[in-house]
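What follows is one structure encoded as structure tokens, with my remarks underneath.
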Amino acid sequence: MNKADIVDVLEDIAVLLELKGENPFKIRAYSGGARVLETMEDDLGEVIAEGRLGSIKGVGSALVDKIETLYATGELEYYTKLRASIAPGLIEMLDIPGLGGKKVKKLHDALGVESIDALKAACEAGEVSALKGFGKKSEEKILTGIANRAAYAKRHLWWDARTVAEPILAGLRDLPQVEQAEAAGSLRRLKETVGDLDFIVASSEPQPVMDWFVGQDSVQEVTAHGETKSSVRFESGLQADLRVVPMAQFAFALHHFTGSKEHNVAMRQRALSRGYSLSEWGLKPSSNSGSGELEVEPSTGSAQESGELEVSSEQELFEFLGLQAIPPELREGMGEVERYEQGGDSVPSLLELSQVRGVFHNHTTASDGRGTIEEMAEAAEALGFDYLGLADHSKASYQANGLDDARVLKQLEQIRAYNESGESGLHVFAGIECDILPDGSLDLEDSTLAALDYAVMSVHSSFSQSEDEMTARVIRAIEHPGTVMLGHPTGRILLRRESYKIDLQKVIDAAIANKVIIEINANPKRLDMDWRLWRRAAEKGLMCAINPDAHKTEGLAHYAAGVNIARKGGIPAEQILNCRDCAGVAQWFAERR
DNA sequence: GCCGTTTTCGGCCCGACTGTTTTCAGTCG
């Protein structure tokens, strides 16, 4: 069994234990173990072979046994038995807001409900409100939750969520009572998808701010309207929370609600190890620090006098804990606290939008795009780019009006003519998005590929091949001398279509060995290759290109989403082709030939 | 289940909110 499957099993065990009413710390040990495994950068097979699994923090002897058994046999008796003991419907119930492991267990034990339908019937019969610990409101809340389950459970593309969030943030900042306002949560961390929106406001007059927030035209439902917190839901099912705090707490609240949860745990542990207790409300000497370093007067009155610390920004908070400021997009609990403690080379300098001088992999009216060569070039110039790469589909993508060899060469002529016309200061590189056929051969003649400036190779068919077949197929394409870039390497469509089965580590190694670039497809629905893989891959030497895959002029702006992913992946600018000037790009293409 | 420059046992991040309660458990982020 491979690492990703083992991670799934460990996460599954954690959920099942929750429904068993197990010790929460035991549950955390399993989900923590899953997390550690998921973010481990070494090859699992090697780690096991070298007997290093147990020395990883968060993996103790019980987890070592289970992970090794799963790796070797693909099965685990403990897991099989655990699964068999719990009805699958109970797991689904955890998606209903307000229901956690304990309440689901109680509903099951007391009423025998094993499915959402049975739970709904029990609520309608009034059986749930009769239970101790539940009441009329719980019953109604469960029924609403069941009715809206699909919409509430849905995540949203970062790009879409940002479109909703921006005017709200601007509106908050316009209010006279608001001293400072920021969006927090996964939106601020630039995650590829966002569950809900979080806004943090500093104000000494919360009420008018709350009233404005819940009174927005687009609000469909107000789910909370308190003094420090309000929650609303929009028609799309997207939920937004607003928290208003005094200015002195703003940095703490912003840090806390930016998360991630794992990052916060790491930060709090760090604070504790230095004798402080960190929360969204502040930083104070911990009651059981016992370090003796702190002179705390237990009898003094106010929080200030008892040693509560003030910071005016997140930066000061990090500095107080001996860290360089960790950018929000890196706060994923993936070792960033340790890296930012060490400083130096372990701290990446993150890509800025302004460093991007052009983009590759865009379409025109020749295949399935909506803009002509001239229109796309003009839009690229308006974005401040020095160059634009055009890469239309090849003929196997029949549904996309893909180009055969003759049409490719004709378009090449047109692009050359455009460049020679002196019509614009922008240079257009002539490329193609060539299909990787099911056997790994390419959809165009070698001579056609050689005539172009570059080629992006992509899989657009036979998604259901086995992992071995798909991996071999893509590696064969990477080894072809005409290949400059690999397009969207997993084929995933966020929130809609899973990745096809492929061993990306092998693909990454092959790309490095053949000096082939892997793209970050910056279409907000793809963001493929995934940011989680980039840091390690870049360290090994992989080159990256940020490719908006624009099908119309407006789509070029999506390169910003690709910049987000490059930042999250900590890819240095030297390894991003888009940061080179026109001559540098041309040289890269020439050297690949 | 994991972990340990005071601990191999007894902790484990922290606090608000909700709905249910007469003092708090469960959920959530």
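Residues in the stretch A:531-547 carry Karplus couplings, in order, of 4, 5, 8, 6, 4, 5, 5, 5, 4, 6, x, 5, 8, 10, 10, 8, 10 Hz; the curve used is 6.51 cos²θ - 1.76 cosθ + 1.60 with θ = phi - 60°, and Gly or Pro positions show x. For the stretch A:353-592, taking Cα atoms only, Rg and Dmax work out to 16.2, 49 Å respectively. Among A:Asn521, A:Leu17, A:Phe318, whose Cα lies farthest out toward the positive end of the dipole of chain A, if unit charges sit on the beta carbon of Lys, Arg (+1) and Asp, Glu (-1)? Farthest towards the positive end: A:Leu17. Working from Cα pairs under 8 Å separated by at least six residues, relative contact order for chain A is 9 percent. Dipole size of the stretch A:2-109 about its Cα centre, with +1 on Lys/Arg Cβ and -1 on Asp/Glu Cβ: approximately 740 debye, rounded to the nearest 20. Seen against the Cα atoms of chain A and their longest principal axis, helix A:24-39 is set at about 10 degrees.
In this simple spin-label model, placing a label point 7 Å from the Cα along the Cα-to-Cβ direction at both A:Lys540 and A:Asn401 gives a separation of 4.0 nm.
If only the Cβ of Lys and Arg carry +1 and only the Cβ of Asp and Glu carry -1, the dipole of chain A around its Cα centre is close to 1360 debye. What's the local net charge at A:Val232, with K and R +1, D and E -1, over the other residues with C-beta under 9 Å away? Around A:Val232, the surrounding residues sum to -1. The angle between the Cα long axis of helix A:582-592 and the longest principal axis of the Cα atoms of chain A comes to about 80 degrees, rounded to the nearest 10.
Tell me, what is the per residue accessible area of the stretch A:3-84 in Å², probe radius 1.4 Å?
Working: 4400 Å² over 82 residues.
Result: 54 Å² of accessible area for each residue.
The label-point distance for A:His225 and A:Thr80, in a model that sets each label 7 Å from Cα toward Cβ, rounds to 5.6 nm. Where both bridge residues fall in the stretch A:367-475, DSSP classifies roughly 10% of the beta bridges as antiparallel.
Just want to confirm a number: the relative contact order over the stretch A:52-127, from Cα pairs under 8 angstrom separated by 6+ residues, in percent. Could you put the intermediate results ahead of the total?
Working: 36 pairs, mean separation 15.2, N = 76.
About 20 percent, as a whole number.
The long axis of helix A:261-273 is offset from the longest Cα principal axis of chain A by roughly 60 degrees.
Peptides A:364-375, A:164-175, ordered by how many other C-beta atoms sit within 10 Å of their residues on average, highest first, read A:364-375, A:164-175.
Per-residue ellipticity at 222 nm, computed for chain A from helices alone with -39500 (n - 2.57) per DSSP H run of at least four residues, works out to -13000 deg cm²/dmol. Of all the accessible heavy-atom surface of chain A, with the other protein chains kept in place and a 1.4 Å probe, what percent is carbon and sulfur? Carbon and sulfur atoms account for 49 percent of the accessible area of chain A.
Sort A:85-96, A:256-267, A:428-439 by packing, meaning the average of other beta carbons within 10 Å per residue, with the highest value first.
Values: A:85-96: 16.7, A:256-267: 19.0, A:428-439: 23.3.
Highest to lowest by the protection proxy: A:428-439, A:256-267, A:85-96.
Among A:181-188, A:388-395, the peptide with the highest mean count of other Cβ atoms within 10 Å heads the list, and the full ranking is A:388-395, A:181-188. Considering only A:Gly171, A:His225, A:His156, the residue lying farthest towards the positive end of the dipole of the stretch A:156-245 is A:His156, judged by Cα position with unit charges set on Cβ. With each label modelled as a point 7 angstrom along the Cα→C-beta vector, the A:Glu467-A:Ser236 pair spans 3.4 nm.
Classified by the C-alpha gyration tensor, chain A has a prolate form. Its axis ratio a/c, with a ≥ b ≥ c, is 1.5 or above, and a/b is larger than b/c.
The values are calculated or read from the model by the stated rules, or taken from the named source; none is laboratory data. These numbers come from a predicted model, not from an experiment. Here the Cβ is made from the backbone with ideal geometry for all residues, glycine too, and neighbour counts use every protein chain on show. For accessibility, only protein heavy atoms count, side chains too; no ligands or nucleic acids. Shrake-Rupley method; radii C 1.70, N 1.55, O 1.52, S 1.80 Å.
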